[in-house]
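Trainee: Please read through the structure below; I'll follow up with questions.
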């Protein structure tokens, strides 16, 4: 009986240890925060499929003037509903917790930027930029 207790305790400890050292995942729901106003903008869902990170708008926190339609957006995004829109695509993990190489659509302005994301604790630093990362701005997203 004592051997069984030791065996069980060892595996429970191993399970909790592996959970504690597992790297945090970028996947899940995030609330985007407007870096200019500090207001919540959208609830976004990020997911990784075949090592590529993409994001979709789950819901919108309406602001004055919002129509819910991506009227300023280019090409295939034009006049689409913002809710359900894939607005982040094509990122790959360059190092643990850091994703880059993709694009992000600003549904408010209709502009598409290159994007880099860095997961730090319960915050996600999202930097949209043109050309080089120094030519951009950063938003901090928080887990739902």
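The values are calculated or read from the model by the stated rules, or taken from the named source; none is laboratory data. Please read all numbers here as calculations on a predicted model, not as lab measurements. Glycine gets a Cβ as well: all are built from the backbone with ideal geometry, and neighbour counts include every protein chain shown.
Trainee: Determine if the range 109-116 includes at least one residue that is loosely packed, with under 14 Cβ neighbours inside 10 Å and either modelled with pLDDT of 95 or more or out of contact with any strand residue (DSSP E or B) (no Cβ under 7 Å at 6 or more places or on another chain) (or both).
Mentor: Checked against the condition, which is being loosely packed, with under 14 Cβ neighbours inside 10 Å and either modelled with pLDDT of 95 or more or out of contact with any strand residue (DSSP E or B) (no Cβ under 7 Å at 6 or more places or on another chain) (or both), the range 109-116 yields at least one hit.
Trainee: Hey, another quick one. Scan the range 55-75 for residues that are within 20 Å of the chain's Cα centre (by Cα) and outside any loop (DSSP other than H, G, I, E, B) and jot them down.
Mentor: 55, 56, 57, 58, 59, 60
Trainee: Would you please name the residue that is farthest from the chain's Cα centre (by Cα), looking only at residues in the range 123-140 that are in contact (Cβ under 8 Å) with a residue 40 or more places away in the chain, within 19 Å of residue 54 (Cα to Cα) and surrounded by fewer than 20 Cβ atoms within 10 Å (Cβ to Cβ)?
Mentor: Filtering the range 123-140 for residues that are in contact (Cβ under 8 Å) with a residue 40 or more places away in the chain, within 19 Å of residue 54 (Cα to Cα) and surrounded by fewer than 20 Cβ atoms within 10 Å (Cβ to Cβ), the one farthest from the chain's Cα centre (by Cα) comes out as 138.
Trainee: Has the range 64-86 got at least one residue that is touching a strand residue (DSSP E or B) at 6+ places or on another chain (Cβ under 6 Å), crowded, with 16+ Cβ neighbours inside 10 Å and under 14 Å from residue 117 (Cα atoms)?
Mentor: No - not one qualifying residue is present in the range 64-86.
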